[in-house]
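Notes follow the structure.
The values are calculated or read from the model by the stated rules, or taken from the named source; none is laboratory data. Nothing here was measured: the structure is a model prediction, and the numbers come from that model. Counting neighbours? That spans all protein chains shown, and the Cβs are built from the backbone with ideal geometry, glycine included. Note: accessible area is taken over every heavy atom of the protein model, side chains too, but ligands, DNA and RNA are not part of it. Shrake-Rupley method; radii C 1.70, N 1.55, O 1.52, S 1.80 Å.
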2 protein chains.
Amino acid sequence: MWKRSLVVSAPGKVILHGEHAVVHGKVALATALDLRTFLRMTPRQDGKLSLQLPNLGSRSSWEAAELQPLLAALSAELPEAQPPSTEQVEKLKAFAGGDNGHEAVQTVAAAAFLYLYLSVASKYGVLPSVDILVWSELPTGAGLGSSAAYSVCLAGALLSGSGAISYPLQEGQEVARWTEEELDMINRLAFRGEQVIHGNPSGVDNAVSTWGGALRYISGKISALKRVPILRILLTNSKVPRSTKILVVGVKDKLLKFPTIMEPMLTSIDAISRECEGILEAMTEEPLQEHYSRLEDLVDINQHLLNGIGVGHSLLDRICQVTSSHGLHSKLTGAGGGGCAITLLRPGTAPSAVEGAIRDLTRCGFECWETVIGAPGVSAHSLPGLKAEAQKALTGS
Amino acid sequence: MWKRSLVVSAPGKVILHGEHAVVHGKVALATALDLRTFLRMTPRQDGKLSLQLPNLGSRSSWEAAELQPLLAALSAELPEAQPPSTEQVEKLKAFAGGDNGHEAVQTVAAAAFLYLYLSVASKYGVLPSVDILVWSELPTGAGLGSSAAYSVCLAGALLSGSGAISYPLQEGQEVARWTEEELDMINRLAFRGEQVIHGNPSGVDNAVSTWGGALRYISGKISALKRVPILRILLTNSKVPRSTKILVVGVKDKLLKFPTIMEPMLTSIDAISRECEGILEAMTEEPLQEHYSRLEDLVDINQHLLNGIGVGHSLLDRICQVTSSHGLHSKLTGAGGGGCAITLLRPGTAPSAVEGAIRDLTRCGFECWETVIGAPGVSAHSLPGLKAEAQKALTGS
């Protein structure tokens, strides 16, 4: 074990419908976004452990022996039973912190890595020596599940490397996936990483990053949609920073202030998620223009409802207007109040419309990606099978 | 009778909340808009009857004796019992039409006048000789109830002139109003005028123009709010022409297509109307900043809901954005898809904000009025007591 060099990727996520309403017991649909995080794990022989996160400009390394005292703080089992305690997380952050501030994103990322590494290592009582490099196409802090994709990649690599699960890639394969049972182990371990990073996450982000496709989430219950079509989208980052916590509190306050007005709006959003679920399932039989047209209607209506419950932003409206001028339909995704918007593209959307929209959005100062949702979940890759940019990032060449 | 020279005015209307939802059995609030229609009726001695409508550029005159055959087509009673029949309306339009097309707005206005004139005259069997001049501050066809204000002015003047009701203005008074019973007669007659013009009107426009203040309308039932504050507004005409009928059908189609999504949105709009009603009533005690703040919230939420049910327009969004940049809150009013928007002003709104908003709206090519809602209904005036512009219009000087 810990002898193979592994490459793993995991997708980000976007909420298609149901953001905010989900906090109040309504259905949300989360889908896997094909902007991915890539991880390469390579064994080394010098007793050191290193973590490179080029997106964060961070590179840490430790003597594996230094970590021995931290092992004692973890249970000898894989950490299904217990979430990381506040003391454990503080200890790991202090250890990982170095010269960074205690809450610097690099420190938190390193602490999550150490927690997962030690959790897996504790099962074997050994502290293997590896290089880990994680590179992502996802912007961080934009509500796209970058931390979950990071945790899922780590969980997949560490569990495979330790032999707890297989590494499914066969000779000559470019990409492979784990079994359902293995995915379940990856997901559960990744959730612990998310807990180190976020304290009390819903578990949706790591689930969608693990399983891919689309998930339905209601009242703490997560279930995968059986089959979902892959949908082309534009993802646009308004670059407006926002606090999810403040936005959630804002909706709660409005619900207290105007219950008879706000409750039906959340009910309507719930119905949008359910309607969308039905359309997505129908599309896997045979996607029709009518399906796309209905999906566009839902996007438009929900965008107005999200504005109505107070989580819009004038720059998100701008994104909707710009894409609308090219005949495209957009809504905010996630917490709102800034952050990202998604724009649906049909298979037959004219390339000129897409290019025109991207050009105009970029001119407004937004960042824009053409990608898909409903993407595959965590995957094992051969390095040569990766696209050039990811290959380059993982090999440093 | 028919001896006095009379001056009458009646207000337009705006829907404050509940447009479209009212078609589906929800509450709407209609308020009297202080852009008014003014009428002057002057007896003449030459057996002629003349109608001048300077806003429409029209001037008609008839020999009273010519009208005799039309009288036979009307019941001998005031027309409470029967709405105008299609045949009657066609006959009146043909008579009034002259060289105009059969459906020209001037023809329809003249037909409504002739119907009301003959209805009142039929009670007395005489066809008096009068000059009638009607001038309005209201744009026509903008959903502001200009036809109802016209019918109400005609009904008030003709009923007063005939002695069926009093003319309440006392010597030395500048303005006076009729009793409740008299207003009821004016309203019922004006409704007949609306039926000539619109075929199957709801009766809300003539009711709010007659009673002023604010009315609640639900499932065909109209009731006046007991007391309402006068609220300052900006009224902005997007100048986008629209068809109410097509917009109403659009909402109905969407309701059939997405019932579980649309129904709660209409429920939410209903709750907005009811909440607004409560706030308006509370404000008559003592208007607080908190009241205005809540009214602004309702305006914002409803604008998003109206966009959500599909009756918005990009230029209405523009009006909302422009006013929002001055800290003001706007929504479409009436059918939407174009037409007018209202912007709430607080008593303490800085004049610079109002001026800035008007300047920017005008620069965008919109037409903009600073006025009030909750205005008095149909009123009798002394000519010298009128504002200069109305005096000038009514005396042609």
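Between B:ASP184 and B:GLN82, take the C-beta separation as r, use R0 = 22 Å, and let me know the FRET efficiency to the nearest 0.05. Kindly include the intermediate steps, with their values, before the conclusion.
Working: r = 18 Å, r/R0 = 0.81.
The computed FRET efficiency comes out at 0.80.
Note the distances from B:GLU290 to each other copy's matching label point, with points 7 Å along the Cα-to-beta-carbon direction, in nm, sorted shortest first.
Once sorted, the set of distances for B:GLU290 reads 5.2 nm.
Could you give the angle, 0 to 90 degrees to the nearest 10, between helix B:314-324's Cα long axis and the longest principal axis of the Cα atoms of chain B?
70
Whose amide H sits under 5 Å from the amide H of A:GLY337, counting only residues 5 or more places off or on another chain, with H placed in the peptide plane?
A:GLY312, A:HIS313
Could you sort B:292-302, A:45-55, B:12-22, A:285-295 so that the peptide with the highest average Cβ count within 10 Å comes first and the rest follow in order?
Per-residue Cβ counts within 10 Å, averaged per peptide and sorted highest first, yield B:12-22, B:292-302, A:45-55, A:285-295.
In peptide A:129-138, what is the residue-averaged number of other protein chain Cβ atoms found within 10 Å of each Cβ?
Working: counts 0, 0, 0, 0, 0, 0, 0, 0, 0, 0.
Per-residue shielding by partner chains comes out at 0.
Where does each of A:375-383, B:31-39 land if you order them by average Cβ count within 10 Å, highest first? Write out the running numbers ahead of the final one.
Values: A:375-383: 21.7, B:31-39: 26.4.
Top of the packing list down: B:31-39, A:375-383.
How big is the gap, in Å, between the Cα center of the range A:208-226 and the Cα center of the range A:294-345?
Measuring centre to centre over Cα atoms gives 23 Å.
Can you run phi through the Karplus equation (6.51, -1.76, 1.60; θ = phi - 60°) for the range A:292-297 and list ³J(HN,Hα) in whole Hz, with x for Gly and Pro?
Along the range A:292-297, the couplings run 4, 4, 5, 4, 5, 4 Hz.
When the helix-only estimate is applied to chain A (DSSP H runs of n ≥ 4, each -39,500 (n - 2.57), divided by the residue count), what is the mean residue ellipticity at 222 nm, nearest 500 deg cm²/dmol?
Mean residue ellipticity, 222 nm, calculated: -14000 deg cm²/dmol.
Between A:THR284 and B:GLU66, take the C-beta separation as r, use R0 = 56 Å, and let me know the FRET efficiency to the nearest 0.05.
Working: r = 74 Å, r/R0 = 1.32.
Computed FRET efficiency for A:THR284 and B:GLU66: 0.15.
Please calculate how many Å² of accessible area the range A:161-303 carries per residue, with a 1.4 Å probe and no DNA, RNA or ligand atoms counted.
Normalised by residue count, the accessible surface of the range A:161-303 is 45 Å².
If you plug each phi of the range A:33-50 into the Karplus form 6.51 cos²θ - 1.76 cosθ + 1.60 with θ = phi - 60°, what whole-Hz ³J(HN,Hα) values come out, in order, with x for Gly and Pro?
Couplings: 9, 7, 9, 10, 9, 10, 10, 10, 10, 10, x, 10, 10, 9, x, 9, 10, 10 Hz.
Give the calculated FRET efficiency between A:THR260 and B:LEU256 to the nearest 0.05, with a Förster radius of 25 Å applied to their Cβ-Cβ distance. Could you put the intermediate results ahead of the total?
Working: r = 25 Å, r/R0 = 1.01.
FRET efficiency, A:THR260 to B:LEU256: 0.50.
What residue of chain A has the nearest C-beta to the axis that moves A onto B, and what is that distance in Å, given as a whole number?
Closest to the axis: A:PRO264, 2.
Show me you know the interface measure: the accessible area buried between A and B, both chains summed, probe 1.4 Å, in Å² to the nearest 100.
2000
Work out the mean other chain Cβ neighbour count within 10 Å for the residues of B:258-270 and drop it here as an integer.
Numbers: counts 8, 2, 7, 14, 3, 4, 10, 9, 2, 7, 12, 2, 3.
Per residue, the average neighbour count from other chains is 6.
Pairs B:LYS239/B:LYS331; A:LYS26/B:LYS331; A:LYS3/A:LYS91; A:LYS254/B:LYS252; B:LYS257/B:LYS331; B:LYS13/B:LYS252: which exceed 20 Å Cα-Cα?
Details: B:LYS239/B:LYS331 15 Å; A:LYS26/B:LYS331 28 Å; A:LYS3/A:LYS91 29 Å; A:LYS254/B:LYS252 29 Å; B:LYS257/B:LYS331 25 Å; B:LYS13/B:LYS252 24 Å.
Pairs exceeding 20 Å: A:LYS26/B:LYS331; A:LYS3/A:LYS91; A:LYS254/B:LYS252; B:LYS257/B:LYS331; B:LYS13/B:LYS252.
Determine ³J(HN,Hα), in whole Hz, for all residues of the range B:369-380 in sequence, where each value follows from phi through the Karplus function 6.51 cos²θ - 1.76 cosθ + 1.60 and θ = phi - 60°; x replaces Gly and Pro.
Computed from phi, the couplings for the range B:369-380 are 10, 9, 8, 10, 10, x, 6, x, x, 4, 9, 9 Hz.
Tally the DSSP beta bridges in the protein assembly as shown and give the antiparallel ones as a percent, rounded to 5.
Details: 111 of 117 bridges.
Restricted to the protein assembly as shown, the bridges split so that about 95 percent are antiparallel.
If I model a spin label as a point 7 Å beyond the Cα along the Cα-Cβ vector, how far apart are those points for B:SER223 and A:ARG359 in nm?
For B:SER223 paired with A:ARG359, the spin-label model returns 6.0 nm.
What do you get for the angle between helix A:259-285 and the principal long axis of chain A? Use alpha-carbon atoms, 0 to 90 degrees, nearest ten.
70
Measure out, as a whole number of angstrom, how far apart the alpha-carbon centroids of the range A:127-178 and the range B:360-385 sit.
What the calculation gives is 67 Å, centre to centre.
Please list, in chain and number order, the residues 5+ apart from B:VAL372 or on another chain whose amide H is under 5 Å from its amide H, with Hs placed from the backbone.
When sequence neighbours closer than 5 places are left aside, the close amide H contacts are B:ASP34, B:ILE233.
Whenever you get a sec, compute what percent of the accessible area on chain B sits on carbon and sulfur atoms (1.4 Å probe).
Values: 8060 of 15610 Å².
After summing per-atom areas, the C and S share lands at 52 percent.
Could you tell me the distance between the Cα centroids of the range B:236-261 and the range A:1-68, to the nearest Å?
Using only Cα atoms, the two centres lie 47 Å from each other.
Taking a label point 7 Å from Cα toward Cβ, how far is A:GLY25 from its twins in the other copies, in nm, shortest first?
Shortest to longest, the spacings are 2.5 nm.
Consider a paramagnetic label point 7 Å from the Cα of A:LYS3 along Cα→Cβ; state which residues of the range A:159-182 have an amide N under 15 Å from it.
Residues A:161-164, A:167 qualify, since their backbone N sits under 15 Å from the label point.
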